[in-house]
């Protein structure tokens, strides 16, 4: 991949490091004091696309729980076209994996 606007100082696909504030207070403070995050990516920050509807259900439910606004099983059943019974099973899988267990009660 080649960017026409690249002046050549940094080759395309070069790693980039940036400072990032940890809080609103830091955000409004001196940028020179912002920390360098200890994270790395090997490509653009693009979420993975679920391969099938059940993976999409699991991802949507897990994201909604992480955001503090869990989707209802009824709403997901309508949105994804699955039965409420199957939706209940998928939600149980997400819930169990989120607390370190497999569905059925055994620890991972």
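Computed quantities for the displayed model
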| item | result |
| --- | --- |
| The range 66-78 - residue that is at pLDDT 90 or above and assigned to a helix (DSSP H, G or I) and, of those, nearest to the chain's Cα centre (by Cα) | 76 |
| Residue within the range 27-50 that is surrounded by 12 or more Cβ atoms within 10 Å (Cβ to Cβ), at pLDDT 85 or above, out of contact with any strand residue (DSSP E or B) (no Cβ under 8 Å at 6 or more places or on another chain) and farther than 30 Å from residue 86 by Cβ present | yes |
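The values are calculated or read from the model by the stated rules, or taken from the named source; none is laboratory data. These numbers come from a predicted model, not from an experiment. All Cβ positions, glycine included, derive from the backbone under ideal geometry; neighbour counts span all protein chains shown.
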